[in-house]
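Below: the structure, in C-alpha cells.
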There are 2 protein chains.
Amino acid sequence: MAQKPGIPKGTRDFSPGEVAKRQYIFGIIKGNFERFGYQPIETPSFENSETLMGKYGEEGDRLIFKILNSGDFLEKVSEEELLSKNPKQLTSKISEKALRYDLTVPFARYVVQHQNDIEFPFKRYQIQPVWRADRPQKGRFREFFQCDADVVGSKSLWQEVELVQLYDAVFSELGLDGVTIKINNRKILSGIAEVIGAKDKLIDFTVALDKLDKIGEDGVRKEMTDKGISAEAIKKIQPLFQFSGSIQKKLEKLEQMLSGSDEGLKGVQELHFICDKIAALGLDKSILDLDVTLARGLNYYTGAIFEVAPPKAVLMGSVGGGGRYDDLTGIFGLKNMSGVGISFGLDRIYLVLEELGLFPATVNATSKVLFVNYGENEALYAMKAIMKLRKSGVKAELYPDNVKVGKQFQHADKREIPFVVIVGDQEMIDEKFTLKNLATGDQELVDFGKLEQILKE
Amino acid sequence: MAQKPGIPKGTRDFSPGEVAKRQYIFGIIKGNFERFGYQPIETPSFENSETLMGKYGEEGDRLIFKILNSGDFLEKVSEEELLSKNPKQLTSKISEKALRYDLTVPFARYVVQHQNDIEFPFKRYQIQPVWRADRPQKGRFREFFQCDADVVGSKSLWQEVELVQLYDAVFSELGLDGVTIKINNRKILSGIAEVIGAKDKLIDFTVALDKLDKIGEDGVRKEMTDKGISAEAIKKIQPLFQFSGSIQKKLEKLEQMLSGSDEGLKGVQELHFICDKIAALGLDKSILDLDVTLARGLNYYTGAIFEVAPPKAVLMGSVGGGGRYDDLTGIFGLKNMSGVGISFGLDRIYLVLEELGLFPATVNATSKVLFVNYGENEALYAMKAIMKLRKSGVKAELYPDNVKVGKQFQHADKREIPFVVIVGDQEMIDEKFTLKNLATGDQELVDFGKLEQILKE
C-alpha cells in the first residue's frame, strides 16, 4: 500500500512562485545588509545541546527540537533511568544535539569560538532557518527563517543610528510606505521604575506597560495594582498613558520625569543621540517614533530597543525587532562584548507585501519563452536558438515532447510563460522564428537578433 | 563556569569569506538552473519519518537523523518496550520526524502531494542542506548542501541532452576547463549482462566493472570470478576493458556486442540520440564521454547515468552525478512518472575552484570603503556621504568609534577593505573627501561625485 504523503505540522512546502517571492525579499534584505557593511556567516543547523539549553528560559528549553543520538542510543542508559520515565533527564542521555532555536545564541557561540580570527567590531548578518516546537497556528511555524544583522565589539551609538537606517532602507526598497520604526531604551524603563519607587518590580511594571496597546489604560493600571505596584507609583506614570507629540517633546517630558534617575537620564541621552542623527540624516519612507511602552524581551536588552510596525493599513504584528545587549557572549566566557542587532520577520513581511500587492510582476519563477516541439529536426533548430538565448540571460525552454501543439500552448499558458516560439519547415529554411506573445495574441516572424532583443526586454 | 564553545562533529561554521565563495557557486548554479527553465521549490528540513525510512536501504535508515518527539515523549511507551532496549523499535515510539537525507525523496513526496497543482512536465530545482549521520572524514560532512535539478513527467531524451548542456554551462561559467561529463545507460549494462549470460548477476557484474578505475582489469576479473561469473562470460566482456576511441566508435562496438539484446540496443539508441545532439550543438568547456563502467546507484536508475569528473589536473572524485529513474513517485502512489535529474556537489566544486585559484578576486564579503571616525560632527558628515554611496550600491561603512586613526586604518587593512576616506575640518569646509587607496597608498582630495565614481568602479 502506497503511503499517503504529507509533511509534519507547522512545516511548509514552498512552490516555485512562493520561493521566487521569498527570494525577492531575501535578496533585498541581503543586498542592504551588505551595502551597510554586514558580512554573512552561517552556522550548523544543529548545535551541541549544552550550547542551546538554558539560554531561552524553561519554556524555550521545552521548545527546542532535540536530535536522537545515532546508533544504539540506549547503550549508556541504565534500566533505572529508563524506568524513571523522566523525559527531561532521559533526553540528556539519549540526545546530544539540538536544532537551532534562533540565530543569536549560535552567533554568540561563533564569536567566542572564533574570537582570534575575528576583526572587531564585527558586523555580521545571518539568514538561516530556525526551529521551534511551538504549537503551530496562523502565521506561526515550526520551521522559519530569521534574518539578523548584529554588530559586536563596539558601544558606539552610531550602530543604532545605522540600524534605523537599515530598517528604512530595506522596507523602502520593498515599497512599504509608512512603516513605523519604534524605539525605546531599557535604561528609560529602569529609570521610570526607579523614580516611581518600583525598581524591584521592573519586569512586572514593563510587562504591564507593554500591554497598553492591547488592554488600554485601565487594564494596565489594574495589572500594575495586582502586581503590587502602589497607587501613588501608578499615578506618577500617568503621563506615559497619553504620551504623544514629537520625539523631541517626548524626550523633554522624559527628562523632567527622570531627573531623579541617573540611569533614566542616560537612556534619554542615548535616545537623543540616535534620534537627532536620524533627524539630520532623514529617512526615506519610514517614520521613527519613540514608544516608551516598548519592552520586548526586556531581560535581554540593556540599551536601545527596536520594533517595526507595518503600515497602518495592514493589521499585523511587528515585522522586525531588536536592540542592544551589553553582554552577548558572557555565557560562553567572553566578557564585555557589547552587541546590538535587528531582525527581519520574513513570513510577516511576505504577508504584508502580498496584502498590499507590492510584489513586482517580474518576481516569478517561470520562463520567458517556450519553444514548441514539432519533431526532432525542428527541436534541434530550436535548441540552437535556446542555447544562445540562455547565454544572454533569457530563461528559455523547449517543450520536451512532440505532442499536439494545443497541448504545448496550454503548457505555456498554465506556466504563465509570456512568449511561445514556433519553428516549422518554413522557419528553418528562412532561418527565422515565429514569435507569439500570449498576452496580446500578436504573432510575428523574426530573425534571431530580433527574437533575442524582444525576449531580453 | 563558562562553557567552552564548539560545534557537533561533521558540521561547520562558515566565515564571511567562505559564505561569499559558496554564494558565488550557488549563484551560478541557480542562474543556470533558471535560464534552463527549472523552477525552485523548497521542502521542510524534517519530514515525517515514514516518508524517509526504507527509501535508502538499511544503511540509509541508520544514517537518518531522527528528531525526538516534543513534550513527554515517553508517555506512550510501555515499561516492557523500554526494557527491551531495542533502539530501532524504541525510535519509532519516541520519534516521528527525521531530518531530510537527500532532496530526491522529499521531491517525490512533493510531486505526489501537489500533483493537482503541478503542470507537467515539471522542471524543478532545489538547493537545500541535507543531513547524514555518517562518520565524518575529510570532505564528508554531516550537514551539506545538495543542488538538484530534475524533470518529471516526460520521457523525452531532450531532457538528457539539456542536462549535459546544463553541466557544461555551470562548469564553464565557473571557469572550469576540461570537465568530463561521463554518460552511460542502465540498459546497456543490463544488455551486456544479458549477452554474456549473467543477467541474474547484473548487480555483481556492474559493481565489479565500476571498479575498473581503481582495481584494474585483473582486479575486476578476479572479483567477477569470485562472484560466480563464468570465465566464458568474462572473456566476452574483454573489449570493455580497453574501451577507447570516440563516442561514435564506442557506440558502434556496443551495437555489435549487444546485437543479441533488445534492451541493450535500446540503450545504444538512447545514447546515440543524446550524443548526436550534443555533437550537433557543441559544448563550451566540457568534454562528453561514454563510460560503460559507470554504474552509480544502479538500482535506482533505469536509463541514462551521468557523472562529472573535475579537470584532470585535480585529484578529486566526481563533482556531480545523476540519471533517469522511470518510477520516481511510485513509492508514494503515483505511477508512471518518469524523472531525470542531476546534482552538483557543492563542497567538492568549492575545493576544486580553490585548488585551481578560480574564485574571482571580487568574490568577498568585505566593504569597498571605510570612513574614518574623527568625532561626532565629522561622522555625521561622513554618514551623509555613506548613505548616498549605499543607495548607489557601494558597500560602505563608518568606523563606529572615534579611536586612534592608526587603529581604524588597521581595521580596514585586516578586513581587506580597499579604500579609506578621511574627513576632517578642512574636508567639511571644502565639501570634499580625502580618499586613500590602501593597495597603492595613493591619496587624493575629491568631491562626492568623483568619490562615488571611483568607488563604483
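Read-outs: derived from the displayed coordinates by stated rules, not from any lab. Treat the numbers as computed from the prediction; the structure is a model and nothing was measured. All Cβ positions, glycine included, derive from the backbone under ideal geometry; neighbour counts span all protein chains shown.
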**OP:** Find the relative contact order for region B:369-456 and round it to a whole percent, using C-alpha pairs within less than 8 Å whose residues are 6+ positions apart.
**Re:** 31 percent
Original post:
Using a cut-off of 14 Å between alpha-carbon atoms, which aspartates and glutamates can reach residue B:85, once sequence neighbours fewer than 8 places away in the same chain are excluded?
Top reply: A:72, A:75, A:79, A:80, A:81
Original post:
For the pair residue A:447 and residue A:203, how long in nm is the line joining their label points, each one 7 Å along Cα→Cβ?
Top reply: 7.8 nm
Original post:
Under the definition of Cα pairs under 8 Å and six or more residues apart, what whole-number percent is the relative contact order of chain A?
Top reply: 15 percent
Original post:
Between residue B:58 and residue B:84, what FRET efficiency follows from the Cβ-Cβ distance if R0 is 25 Å, with the result rounded to 0.05?
Top reply: 0.80
Original post:
Can you sort A:85, B:182, B:253 so the residue with the fewest Cβ neighbours within 10 Å comes first?
Top reply: A:85, B:253, B:182
Original post:
In terms of Cα to Cα distance under 20 Å, which lysines are near enough to residue B:222, apart from those fewer than 8 places away along the same chain?
Top reply: B:199, B:201, B:211, B:214, B:235, B:236
Original post:
If the limit is 32 Å between Cα atoms, which of A:335/B:450; B:30/B:155; A:4/B:21; A:182/B:21; A:312/B:123; B:388/B:414 go over it?
Top reply: A:335/B:450; A:4/B:21; A:182/B:21; A:312/B:123
Original post:
Roughly what angle does helix B:158-173 make with the longest principal axis of chain B, taking Cα atoms, 0 to 90 degrees, to the nearest 10?
Top reply: 40 degrees
Subject >> Gained length - residue A:18 relative to residue A:119, 0.36 nm times residue gap less alpha-carbon distance >> reply: 32.6 nm
Original post:
Roughly how many whole Å is it from the C-alpha centroid of region A:169-244 to that of region A:372-422?
Top reply: 61 Å
**OP:** Just check region B:369-456 against the gyration tensor rule for me: Cα atoms, a ≥ b ≥ c as the square roots of the eigenvalues, rounded for a/c under 1.5, and otherwise prolate or oblate depending on whether a/b exceeds b/c.
**Re:** rounded
Original post:
Can you list the trypsin sites (Lys or Arg not before Pro) in region B:310-377 that are in a DSSP coil and have 15 or fewer other beta carbons within 10 angstrom?
Top reply: B:312, B:335
Original post:
Gap in Å between the Cα centre of region A:124-149 and the Cα centre of region A:10-65?
Top reply: 6 Å
**OP:** Would you compute, from DSSP H runs of 4+ residues alone, the mean residue ellipticity of chain A at 222 nm, taking -39500 (n - 2.57) per run and dividing by the full residue count, rounded to the nearest 500?
**Re:** -13000 deg cm²/dmol
Original post:
Under the definition of partner shielding as Cβ atoms of other protein chains within 10 Å of a residue Cβ, what is the mean value for peptide B:61-74?
Top reply: 6
Original post:
Ranked by Cβ crowding within 10 angstrom, fewest neighbours first, how are A:103, A:265 ordered?
Top reply: A:265, A:103
**OP:** Take the Cα atoms of chain B, find their three principal axes, and give me the spread along each one in whole Å, biggest first.
**Re:** 92, 67, 47
**OP:** Quick one: check the C-alpha center-to-center distance for region A:93-109 versus region B:290-333, whole angstrom.
**Re:** 36 Å
Original post:
Between residue B:438 and residue B:215, what FRET efficiency follows from the Cβ-Cβ distance if R0 is 60 Å, with the result rounded to 0.05?
Top reply: 0.65
Subject >> Inter-label distance, nm, simple model (7 Å from Cα along the C-beta direction), residue A:388/residue B:456 >> reply: 3.3 nm
**OP:** Work out the length of the dipole vector of region A:84-200 about its Cα centre, built from +1 on the beta-carbon of each Lys and Arg and -1 on the beta-carbon of each Asp and Glu, and round it to the nearest 20 debye.
**Re:** 880 debye
Subject >> Cut-off 9 Å between beta-carbons: net charge of the residues surrounding residue A:110, Lys and Arg +1, Asp and Glu -1 >> reply: +1
